[in-house]
Amino acid sequence: MPIWFLVTIALVAAYLIGAVPFALIVGKLSRGVDLREHGSGNLGATNAVRVLGWKLGLLALALDVAKGAAAVGLAVGFAAIAPGGNAYDLTMIGALIAAMAGHSYSPYVRFTGGKGVAVAAGGVLIITPLAWPILLLTFLAVTAAWRMVSLGSIVVAVEFPLLCLWLYPDRTPVVALSFLAAALVVWRHRSNLKRIAHGEEARISLGSRAQAERREDE
């Protein structure tokens, strides 16, 4: 089969993998709760933490990260593109974008979803493994200190291009992706930035069950 055909199938598969609404599935199976009807109504890990509690919320987060990694890894494997070179990077980047689009606009739940930060984290693990531990530590530190997932996501988004320039200066598509991803994450969190500036951003709770009615972070 021609490579373009394999890549197209791989990108469609990445979209469908990213579209699996794990937060909704975890809520339904564990508590019989539809997250679209509670809290922010968002199908992201933050709303899962607030509505279901931190243990189930972390499970939803881990599953979203895993599907991002799976979408990217399976794409390059299915397309049989050898590691190294722009074709490899571009295929991974395309798969990541497709997975994030699937998560944000899932055909399984009437094209609703989350903001895709956790899915992006999974894809970044495959695309830029050297940057991933630093980004994870930054996210955990910021989120723990201020108890705002949105702030952690924004700080990591800004840090990502800097790390790519440092660690992967010769991988032009990856560096370009990092700047595009940072701009997208900051743009999608613009309402959160306004609330943070006014001291109105909701903070996560690590209690047994979070408050259901909070503002949307992720």
| note | The one condition residue 93 fails out of (1) more than 8 Å from the chain's Cα centre (by Cα); (2) modelled with pLDDT under 95 is (2)
| task | Answer yes or no: is there a residue in the stretch 15-24 that is open to solvent by less than 30 Å² (accessible area, probe 1.4 Å) and more than 14 Å from the chain's Cα centre (by Cα). | result | yes
| residue 180: closer than 20 Å to residue 95 by Cβ and at pLDDT 90 or above, yes or no? | yes
| request: Would you please list the contacts, defined by Cβ atoms under 8 Å and residues six or more apart or on different chains, that run from a residue in the stretch 170-182 that is in contact (Cβ under 8 Å) with a residue 40 or more places away in the chain to a residue that is loosely packed, with under 14 Cβ neighbours inside 10 Å and of a type outside the set (A, V, I, L, M)? | output: 172/86; 173/86
| said: Scan the stretch 164-173 and tell me whether some residue there is at pLDDT below 90, of a type outside the set (D, E, K, R) and under 25 Å from residue 62 (Cβ atoms). | reply: no
| query | Just one of 36, 31 is surrounded by fewer than 22 Cβ atoms within 10 Å (Cβ to Cβ) and under 19 Å from the mean Cα position of the chain (by Cα); which is it? | reply | 36
| message | Out of everything in the stretch 99-122 that is at pLDDT below 95 and touching a strand residue (DSSP E or B) at 6+ places or on another chain (Cβ under 7 Å), what residue ends up being nearest to residue 183 (Cα to Cα)? | response | 113
| task | Hey, can you tell me all the residues within the stretch 53-72 that are open to solvent by less than 30 Å² (accessible area, probe 1.4 Å), assigned to a helix (DSSP H, G or I), farther than 20 Å from residue 188 by Cα and not basic (Lys, Arg)? | result | 57, 60, 69, 71, 72
| message | Looking only at the stretch 75-132, count every residue that is in a loop (DSSP other than H, G, I, E, B), within 17 Å of residue 161 (Cα to Cα) and free of Cβ contacts under 8 Å to residues at least 24 places away in the same chain and tell me the total. | response | 1
| field | Among the candidates 9, 3, residue that is surrounded by fewer than 21 Cβ atoms within 10 Å (Cβ to Cβ), modelled with pLDDT of 95 or more and either within 25 Å of residue 148 (Cα to Cα) or out of contact with any strand residue (DSSP E or B) (no Cβ under 8 Å at 6 or more places or on another chain) (or both) | value | 9
| request: Give the residue that is nearest to residue 46 (Cα to Cα), with candidates limited to residues of the stretch 144-203 that are in a helix (DSSP H, G or I) and of a type in the set (Phe, Trp, Tyr). | output: 146
| task | Would you check if residue 155 is surrounded by 16 or more Cβ atoms within 10 Å (Cβ to Cβ), of a type in the set (Val, Ile, Thr) and within 13 Å of the chain's Cα centre (by Cα)? | result | no
| query | Taking interchain pairs and intrachain pairs at least six residues apart, which have beta carbon atoms under 9 angstrom, with the first residue in the stretch 1-27 and within 15 Å of residue 93 (Cα to Cα) and the second buried (at least 20 other Cβ atoms within 10 Å of the Cβ) and among the polar types (S, T, N, Q)? | reply | 7/91; 10/91; 11/91; 18/106
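The values are calculated or read from the model by the stated rules, or taken from the named source; none is laboratory data. In this text the structure is predicted, and so the values were computed from the model without any measurement. So basically every Cβ, Gly included, is an ideal-geometry build from the backbone, and we count neighbours across all protein chains shown. For the accessible areas, the whole protein counts, side chains as well, though only heavy atoms, and no ligand, DNA or RNA atoms are used. Shrake-Rupley method; radii C 1.70, N 1.55, O 1.52, S 1.80 Å.
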